[in-house]
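Taking it in order: structure first as structure tokens, then the write-up.
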């Protein structure tokens, strides 16, 4: 046998030789190796809290979480009655002198006799505050006395002038953020936290009863912001339960996301998504998966639930965790809306 054939035979190893020139496969292996360095067993609450302290200290700098100045005056552009029970305020939630987050804030028509519970609802990709199902759910919660804020996250809704929000606008926002060291999901998380801060400052809202929830990338905003912000009393990420590791070493074999916005740079050096869910403990947590969503692999859902329940048990708070999968449309309707309503009424 020639030397060339011997070398070829040795090169095959356990994989087809073509994969040796596949950059994606090489990166997948790096993800797998990095993921294995993260701890997933915590024997005591003190051991977990030591890890969580490091997570909260290190993660903002790694993913580029922007720091906003103190909350200033937010502009109310309009206030109009919606149906028989609600106000809708068009509010620019103040960030700084250069930027404000465009939002709709729904609240009960009747004057408040006591401070109200509230919710930040995060739209998904590429959604905004105009989505009817989100407005319908806000009005549903208004009837229970809630104040509900729905923001536009950059680059969607009123946050950019480009017509093609998912391509041109996303590229522009992500590109400028990246040269500044700001990941897209970090920016959305900062916007979510500022919206929570705005609600807690409203005279009609009880600052101890502000929850956060969202669907799809809005769910990612939820599990990215709640672990870093104890001001949210409860969290409900819907249709967003996957891990970055499983995205890369499992899902990348059959499906690819439309853009890289859900992936903050360097996050696996600190944690994965299961650690972020667990870091919400012991606050109430509702998690829902949707089986038709092929971009959230069920194996990742099981990993998230396992670690999260482990940590909540350390606090004696496993009764505050609710994990389940459904088969439904990708929207805040049906079992997802029903579960979120029950969760908010019980815990907020």
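Each value in this text was obtained by applying a stated rule to the coordinates, not by laboratory testing. Keep in mind that this is a model prediction, so the values were computed, not measured. Here the Cβ positions follow ideal geometry from the backbone for every residue, glycine too, while neighbour counts run over all protein chains shown.
Find how many whole Å separate the alpha carbon centroid of region 324-348 from the alpha carbon centroid of region 170-220. After rounding, the separation between the Cα centres reads 21 Å.
For mean projected area of the Cα convex hull in nm², pick the label among (1) 16.8; (2) 18.4; (3) 20.4 that corresponds to the value derived from the coordinates. Of the labelled values, this structure produces (3). Note on residue 97 and residue 17: the extension gain reaches 23.2 nm, defined as 0.36 nm multiplied by sequence separation minus the Cα-Cα distance. Where both residues lie in region 103-232, what percent of DSSP beta bridges are antiparallel, nearest 5? Percent antiparallel among DSSP bridges in region 103-232 is about 30. The ranking of 146, 68 by Cβ neighbour count inside 10 Å, starting from the fewest, reads 68, 146. Relative to the dominant Cα principal axis of the chain, helix 184-201 is inclined by about 20°. The slack between residue 32 and residue 50, meaning 0.36 nm per residue of separation minus the straight C-alpha distance, is 4.1 nm. Rounded to the nearest 10 degrees, the angle from helix 3-12 to the longest Cα principal axis of the chain is 30 degrees. Compute the acute angle (0 to 90°) between the alpha-carbon long axis of helix 170-180 and the principal axis of greatest extent of the alpha-carbon atoms of the chain; round to the nearest 10°. Helix 170-180 sits at roughly 80 degrees to that axis. By the beta-carbon count within 10 Å of each Cβ, the least crowded to most crowded order of 239, 271, fewest first, is 271, 239. Our summary gives region 55-130 a relative contact order of 21 percent, counting only alpha carbon pairs under 8 angstrom and 6 or more residues apart. Calculated mean residue ellipticity at 222 nm for the chain: -12000 deg cm²/dmol, from DSSP H runs with n ≥ 4 weighted as -39500 (n - 2.57), summed, divided by the residue count and rounded to 500. Computed over the chain, relative contact order equals 16 percent, with contacts defined as Cα pairs under 8 Å that lie 6+ residues apart. Legend: P(r) of region 185-274 from all alpha carbon pair distances, 5 Å bins from 0, whole percents, reading 3, 13, 22, 23, 17, 10, 6, 4, 2, 0, 0. Site pair residue 257 and residue 291 shows an inter-label distance of 2.5 nm when each label is modelled 7 Å from Cα along Cα→Cβ.
Legend: ranking of residues 293, 221 from fewest to most surrounding C-beta atoms inside 10 Å; resulting order 293, 221.
Considering only alpha-carbon pairs that sit under 8 angstrom and 6 or more positions apart, the relative contact order computed for region 1-141 is 11 percent.
Where both bridge residues fall in the chain, DSSP classifies roughly 50% of the beta bridges as antiparallel. Just so you know, the averaged projected area of the alpha carbon convex hull for region 48-98 sits at 6.7 nm².
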